[in-house]
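Below is one structure; the comments refer to it alone.
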Amino acid sequence: MIRDIPVLALTPGEPAGIGPECTIRLVHDHPELRLLAVADQHLLESTAETLGLDITIRAWRPGEHVNAGQLSCHALPLQETVKPGHPNPANAAYVVNTIKSAVRLVRAGHAGALVTGPVHKGVINDGGIAFSGHTELLAELAGVQKVVMMLAAGDLRVALVTTHLPLRDVPHAITFENVYRTLRITHHELCTRFGISEPVIQALGLNPHAGEGGHLGTEDDQVIRVAIDKCRSEGMNVVGPVPADTAFTPTRLAGCDAVVAMYHDQGLPVLKHAGFGKAVNITLGLPFVRTSVDHGTALDIAGRNRASATSLYTAAIAAQDMCK
């Protein structure tokens, strides 16, 4: 039944990027979805017209039904006219407000999950808004101290202890509490959101060869291993610290439900090589489901009728499945 299909609140992201095009393509190519966009309605309508795609976009207000086969729009106005490929910091507040509004709609029960398009962190900061990423903002909006960024491509899932930090700051952020809570949240979500009753988690070391017994760094034995031991004492099946250079071999990944990497560029290059454009970004630890695309704003192809909605569709299906 159509009412059994959850409503997905969707933010297209940076208006000058490919997010609006991906949104329109998603609606056109997958009429079975129930989508509630939080965006400037004129932007979506003009994007559909430019693409030559005939879809219905209707204004939506809280309490109204969200139908499949069309795009409902909770309208928020842009501050400045959009030129594809040329982001304007004057629209930074608009981008952030779409996220905030979408979260409110989900938490109020108007949608079952949140799906987000790509934003441009630099442009938002240039607009005078301190912004390090969706993950951090969503944690603030939800009032939770710790969330976990995970990317998934098929059966390969990679969660991160730290997210958008300069590399020089990463070692200071590898604390017992941060590693332990990341492992614990990942384990809990694998059980509850993914339906894995006894997940196996592989935790990576921070340093080459996982510290080589302390000769190449002390964080692996003095911090990461201690957090792993704590998790194991609580009944979690956590392996590690595993050297990152061998962690993604077929033998290591066999029977592994998730890899927990210590920093962004330790774990994500392998996953994106394996499934770029088909991966999904998932925020663990929130009181609601949130998924996102695995790509950026792609300003170089924005407005050129070249964007693919594959990753956005993958994110939508993942969110839909996690609502069940």
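The values are calculated or read from the model by the stated rules, or taken from the named source; none is laboratory data. Keep in mind the model is a prediction, meaning the values are calculated, not measured. Methodologically, a virtual Cβ is constructed for each residue, glycine included, from the backbone with ideal geometry; neighbour enumeration extends over all protein chains shown.
Among the residues of region 229-246, what is the count of those that are within 17 Å of HIS209 (Cα to Cα) and not in a loop (DSSP other than H, G, I, E, B)? Walk me through it before giving the result.
Of region 229-246, the ones within 17 Å of HIS209 (Cα to Cα) are 239-246.
Still in the list and also not in a loop (DSSP other than H, G, I, E, B): 239-242.
Residues flagged as within 17 Å of HIS209 (Cα to Cα) and not in a loop (DSSP other than H, G, I, E, B) within region 229-246 amount to 4.
Tell me yes or no: at least one residue of region 220-230 is touching a residue at least 40 places away in the same chain (Cβ under 8 Å), over 27 Å from GLY154 (Cα atoms) and of a type in the set (Gly, Ala, Ser).
Yes: region 220-230 contains one or more residues that are touching a residue at least 40 places away in the same chain (Cβ under 8 Å), over 27 Å from GLY154 (Cα atoms) and of a type in the set (Gly, Ala, Ser).
For region 86-110, name all the residues that are more than 17 Å from the chain's Cα centre (by Cα) and more than 20 Å from GLY127 (Cβ to Cβ).
Matches in region 86-110: ARG104, LEU105, ARG107, ALA108, GLY109, HIS110.
So which of ARG107, ARG193, ARG157 ends up being surrounded by 22 or more Cβ atoms within 10 Å (Cβ to Cβ), among the basic types (Lys, Arg), under 30 Å from PRO20 (Cβ atoms) and in contact (Cβ under 8 Å) with a residue 40 or more places away in the chain?
ARG157
(1) out of contact with any strand residue (DSSP E or B) (no Cβ under 7 Å at 6 or more places or on another chain); (2) modelled with pLDDT of 95 or more; (3) surrounded by 14 or more Cβ atoms within 10 Å (Cβ to Cβ); (4) in a loop (DSSP other than H, G, I, E, B): which one isn't true of GLU80, the others all being true?
Only one criterion is unmet by GLU80, namely (3).
Any residue in region 44-69 that's over 19 Å from PRO31 (Cβ atoms): show its pairings with residues that are in a loop (DSSP other than H, G, I, E, B) and not acidic (Asp, Glu) at Cβ separation under 7 Å, as long as the two are six or more apart or on different chains.
Here the result reads PRO62/HIS110, each pair linking region 44-69 to a residue that is in a loop (DSSP other than H, G, I, E, B) and not acidic (Asp, Glu).
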